[in-house]
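Working notes, structure below.
Read-outs: derived from the displayed coordinates by stated rules, not from any lab. Predicted, not measured: the structure shown is a model, and the values here were computed from it. Because the Cβ atoms are built from the backbone with ideal geometry, glycine has one as well, and the counts that use them run over all protein chains shown.
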Amino acid sequence: MEEILTALMEQEQQAVEKYKDIARRARSSTERDLINRILAQKNFEIETLRLLCSGNVPDRFIAFGTIIDDEVNFRDAPSPSGSLLAVLDRGTPVILTERRGNWVGLQLYDGKSGWVFKDYVRAND
């Protein structure tokens, strides 16, 4: 299965490059907007394939996301008193798996799970 997923990922990455070329040649903002919507969908497909290839598919899935602040505490519980598991850097790709109050449950691509305060993560479109 991994071989098929890898081949699909390569095909989608090639398609993204072609759509980027089309976007550069767009004649209107509407054309650009439509192509950018296709690109967003293709990027979601690539992230999904990447996750499937990793073998670390979470039990729950809300969205793919990104850490949007520097030195974000990744905790074992949705609380400031939760044990610190790691410190995540701005731009770290994550998988949103749960929401609880002001906290978001995340899974990293290496399979580690934990929590961050909701203001420090953004769900990708």
(Q) Checking the condition in contact with a Lys or Arg (Cβ under 6 Å, 6 or more places away or on another chain) and crowded, with 16+ Cβ neighbours inside 10 Å, which residue from Pro58, Pro78 passes? (A) Pro78
Q: Being without any contact (Cβ under 8 Å) to a residue 60 or more places away in the chain, in contact with a helix residue (DSSP H, G or I) (Cβ under 9 Å, 6 or more places away or on another chain) and part of a helix (DSSP H, G or I) is the filter here, so list the residues in region 26-43 that pass it.
A: Glu31, Arg32, Ile35, Asn36, Ile38, Leu39, Lys42
Q. What number goes with the only condition from (1) in a loop (DSSP other than H, G, I, E, B); (2) in contact with a strand residue (DSSP E or B) (Cβ under 9 Å, 6 or more places away or on another chain); (3) closer than 25 Å to Leu49 by Cβ that Gly105 does not pass?
A. (1)
**Q.** Meets criteria (within 20 Å of Asp125 (Cα to Cα), under 18 Å from the mean Cα position of the chain (by Cα), surrounded by 12 or more Cβ atoms within 10 Å (Cβ to Cβ) and acidic (Asp, Glu)) for Glu31
**A.** no
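Report whether or not Lys112 is over 11 Å from the mean Cα position of the chain (by Cα), closer than 21 Å to Thr6 by Cα and in contact (Cβ under 8 Å) with a residue 24 or more places away in the chain. Break it down into steps so the answer makes sense when it comes.
Values: over 11 Å from the mean Cα position of the chain (by Cα): yes; closer than 21 Å to Thr6 by Cα: no; in contact (Cβ under 8 Å) with a residue 24 or more places away in the chain: yes.
In short, no.
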